[in-house]
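The values are calculated or read from the model by the stated rules, or taken from the named source; none is laboratory data. Given the structure is predicted, the values throughout are model-derived calculations rather than measurements. Methodologically, a virtual Cβ is constructed for each residue, glycine included, from the backbone with ideal geometry; neighbour enumeration extends over all protein chains shown. Note: accessible area is taken over every heavy atom of the protein model, side chains too, but ligands, DNA and RNA are not part of it. Shrake-Rupley method; radii C 1.70, N 1.55, O 1.52, S 1.80 Å.
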Amino acid sequence: YQRRVRGRAGTDMEIPSEKRQHHHSSSKWLPLLGILLLGALAGMIACNCVHHAAPNEWLLVVDGQGEQTKAVVGGTHVSSPWEQVVKFPSNLQKVSFKAQQVTREMQGIEVSGFASWVVYREDSGPLKAFRHLDGLTPEGIEAANDSLRDMAESILRAKLANLTIAEVITSREYLRDVCQKSMMEVVRGWGVWIETLEVTDVKILSASLFKNMQTQFREATRLEAEMRQLATQRQIHRRQLQLEQERVEQEAEIASRVAAMRHEKDKAELELELERTNLRAEMEKRQAVYQAEQELLLQEQQSALAKKKLDLELLRSQREHEAEMQREQQKLELERLRAEHRRQEEIKAHSLGISQLKEKLAVETTMTEANHRSALLDATKQVYSKLPLKDVKLVNFGAMPGGGAGNSSCLLYTSPSPRDS
């Protein structure tokens, strides 16, 4: 096989057989290589045209005229070469706000709350949000939060300025609805939807005012007290004016009377002096009579006192005599009782002596001679012991002639005691 190849100069060139074989084998692989290149190119184009969004992401598709053709959360889209596809977060955003304003009563008040917003789902809301919020980047979201915060505070300030403190405290729902409605009219054009707006706290900046408004009863009591105080002040002022008018009238009346009083003063003084003289004389006369009466009364009192003293002395002497007689009677009675007692004692002693003597006699009848002599000596000793004698001596001379066994003679020698000498 021979193949002629036209050269650059337009002449036919003959290719050698080896080269012809190599060229034939290369031409077999060229279609396969083209197919592979086309597959790789198609794969690259498919990867660039298929877009997937996470469940928390928006997938926004915009055509060549800049109109939104598709907007979903967590979807998939195969785009054409003339379409643009963007993704941005779809999570809920929260904005806190705090507005301070004076009320219709010119009292400072602070209202705090928060607003939650997302991208508006209807119509071309996602495209508007992407355009106006800087592609919903962190910087764009922060700028949107600042704008929403300023808008909420501005709307609240405008409403608070026309309300009273009581209306602000009791009308949180009204403030929430008005603020949310006013903001929705504006932010819907930004592609933003406010899910909720809540007023969390209403704070009165004046501590004393808040304390006074804690309870209706305290406020009513304070108002009643102030009204009473004002009424009392008005009454006091009215009374002061009345007293001042009365004082002026009295001063005028006094001034009119002073002249007449001065005219009559001299005459009154003369009459008074005359009256004083007469009164002094009358007083001296009455004093003399009074002194005489007092002296007479004093003498009568002294006489009565002397008589009374004499009567008391006589009564005292009589009472002393009666007391002396009573003491004598008591003394005689005491002596009689003592004599009676002694007589009773003597009778008892006599009876005792008789009984003892009888007992002794009964004993002596039974005694022997020796016992009889011993008892006689003891009795003699007892008798002489009671006598006022110093010494007692007993001398026994033996038995008397013709006497019995108990017959004996004795001699007693006594000497007087020192008391008797």
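Just a few scattered comments:
- Matching residues in the stretch 135-166 - criterion: being open to solvent by 60 Å² or more (accessible area, probe 1.4 Å) and either free of Cβ contacts under 8 Å to residues at least 12 places away in the same chain or assigned to a helix (DSSP H, G or I) (or both): PRO138, GLU139, GLU142, ASP146, ARG149, ASP150, SER154, ARG157, LYS159
- Every listed requirement among (1) over 19 Å from LEU92 (Cα atoms); (2) in a strand (DSSP E or B); (3) among the polar types (S, T, N, Q) is met by THR196 save one, (1).
Conditions (1) open to solvent by 70 Å² or more (accessible area, probe 1.4 Å); (2) modelled with pLDDT of 90 or more; (3) out of contact with any Phe, Trp or Tyr (no Cβ under 8 Å at 6 or more places or on another chain), marked per residue:
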| residue | (1), (2), (3) |
| --- | --- |
| VAL168 | no, no, yes |
| LYS181 | yes, yes, yes |
| GLY189 | no, no, yes |
| LEU197 | no, yes, no |
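- Selection count, the stretch 90-109, where residues are closer than 27 Å to ALA144 by Cβ and either of a type outside the set (A, V, I, L, M, F, W, C) or open to solvent by 20 Å² or more (accessible area, probe 1.4 Å) (or both): 9
- Restricting the stretch 92-124 to residues that are outside any loop (DSSP other than H, G, I, E, B) and polar (S, T, N, Q), the residue that is nearest to VAL61 (Cα to Cα): GLN93
- Test: residue in the stretch 313-332 that is surrounded by 10 or more Cβ atoms within 10 Å (Cβ to Cβ), under 30 Å from ASP378 (Cβ atoms) and modelled with pLDDT under 90: no
- Of everything in the stretch 121-132 that is in contact with a helix residue (DSSP H, G or I) (Cβ under 7 Å, 6 or more places away or on another chain) and buried (at least 22 other Cβ atoms within 10 Å of the Cβ), the residue that is farthest from LEU148 (Cα to Cα) is PHE130.
- Residue match in the stretch 78-90 (condition: polar (S, T, N, Q) and modelled with pLDDT of 80 or more): yes
- The residue list GLU57, GLU110, GLU122, GLU139 contains one member that is closer than 23 Å to GLY189 by Cα and within 60 Å of the chain's Cα centre (by Cα), which is GLU139.
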